[in-house]
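The values are calculated or read from the model by the stated rules, or taken from the named source; none is laboratory data. Since the model is a prediction, treat every value here as computed from it, not as a measurement. In this analysis, Cβ positions are derived from the backbone assuming ideal geometry, glycine residues included, and neighbour counts consider all displayed protein chains. Areas reflect the complete protein model, heavy atoms only, side chains present, ligands, DNA and RNA absent. Shrake-Rupley method; radii C 1.70, N 1.55, O 1.52, S 1.80 Å.
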Amino acid sequence: MPRILSGIKPTGRLHIGNYFGMMRPAIEWQERGEALYFLADYHALTTVHNAAQLRENTRRAALDFLACGLDPAKAVLFKQSDVPQVTELTWLLSVLTPMGLLERCHAYKDALAKGFAASHGLFSYPVLMAADILIYDSDIVPVGKDQKQHVEVTRDLAIKMNETYGAGLFKLPEPSILPNLATIPGLDGQKMSKSYGNTIELFLEEKALKKKIMGIVTDSTPVEAPKDPANSSIVGLYRLFASEADVAQMEADFRAGGFGYGDFKKRLFAAIWEHFAPARARRAEIEANPGYIDEVLRKGALRANELANATLGRVRNAMGL
Ligand code: ADP
Ligand code: TRP
């Protein structure tokens, strides 16, 4: 049975890009192996420097994940920081991590380009991520496309450790990326991302969601004129939620003219609202039971610790500690 592992950073509210790129595939994987998913609060600390905010984000991410169908009877859900052993493994990997490998990482280069202060934590972010993956002897890592490079770094580090300290010390993980969901577009047509401020969050109130959808950037083609469905983020998003027939209808209406973008946005809103109706109901149930999330995370941490202790013991021994 494969072991499946992934994490998500609680840096803000989870959005539709997170959902299709990572959460839904991860939830599907829980049927096919031993799945472990965690809230990457150590990683979130590279950008969130407010304790109350981090706690709230972390709790809400757990709630959203459970509402979307993560089933604690099938998958282990835990907080990254409940397994501090990963920080020790980070150090053990660091001593063999070439600087150049980290200097080439997109996430770090992008952060620099956006003008973020480059902390040591941000630079060594991929080493912590490698420790997350390797400490659970993971086979498969379901992530969005932007995390592929980090999984490749993880493989490089595992190979280097195995060459130095003995074949079989670490398993080599494989990323799992669904090609048609690699990049979900945001309100402005760029990749949907918290850092671009173009997200549609998962559990918005009805009015707020409508407002967001109506705010999708469009050109100024008049109502009567035909429109191009190919490059429209409205159609791109609609495809994620609507049936093939409804998508074909929207594309035909784009080409025919006589429909304004407002009309298409209303259809998109209705499809999103309906898609998340069951998850909204589950979310309300979980919220009504305050101890539930704590209990899920507590049990998750127990299992994660058990696995992490075994790996760390093996690695310490191999390295001479
Ligand atoms: P953000 O870019 O909003 O900060 P994260 O980097 O926290 O999102 O991403 C968490 C997970 O969701 C990752 O596996 C990432 O690949 C996936 N993901 C985020 N945005 C998208 C998107 N627009 N399309 C597909 N997957 C995405
Ligand atoms: N870096 C990932 C992100 O930004 C989150 C993450 C941390 C992760 N550790 C991981 C994902 C281990 C997969 C496996 O989305």
Heavy atoms of Tyr165 accessible to a 1.4 Å probe, total area in Å² rounded to 10: 80 Å²
Tabulate in residue order the Karplus-calculated ³J(HN,Hα) for the stretch 71-82, using 6.51 cos²θ - 1.76 cosθ + 1.60 with θ = phi - 60°, rounded to whole Hz; enter x for Gly and Pro. 10, x, 6, 10, 10, 8, 10, 8, 8, 3, 6, 7
The Cα radius of gyration of the chain, divided by 2.2 N^0.38 Å with N its residue count, comes to 1.08
Only bridges with both residues in the chain count here: give the DSSP antiparallel percent, nearest 5. 10 percent
Flagged links, alpha-carbon separation over 30 Å, of Lys114/Lys266; Lys145/Lys171; Lys171/Lys191; Lys212/Lys299; Lys191/Lys299; Lys74/Lys207: Lys114/Lys266; Lys171/Lys191; Lys212/Lys299; Lys191/Lys299; Lys74/Lys207
Give a quick list of GluC sites (Glu not before Pro) in the stretch 215-321 that DSSP marks as loop, anything other than H, G, I, E or B, with at most 11 other Cβ atoms within 10 Å. Glu224
Please work out how much accessible surface Tyr292 shows to a 1.4 Å probe, ignoring ligands, DNA and RNA, in Å² rounded to 10. 80 Å²
Keeping every protein chain in place, order Phe259, Phe78 by accessible area at 1.4 Å, biggest value first, i.e. largest first. Phe259, Phe78
Accessible-area ranking of Arg282, Arg13, largest first, probe 1.4 Å: Arg13, Arg282
Tyr136, Tyr196, reordered so the largest accessible area comes first (probe 1.4 Å): Tyr196, Tyr136
Return the long-range amide H neighbours of Leu36 (sequence gap of 5 or more, or a different chain), with a cut-off of under 5 Å between placed amide H atoms. Ile4, Leu5, Ser6, Val76
Step through the residues of the stretch 63-68 one at a time and calculate ³J(HN,Hα) from phi using the Karplus curve (6.51 cos²θ - 1.76 cosθ + 1.60, θ = phi - 60°), rounding each to whole Hz and writing x for Gly and Pro. 4, 5, 5, 5, 4, 7
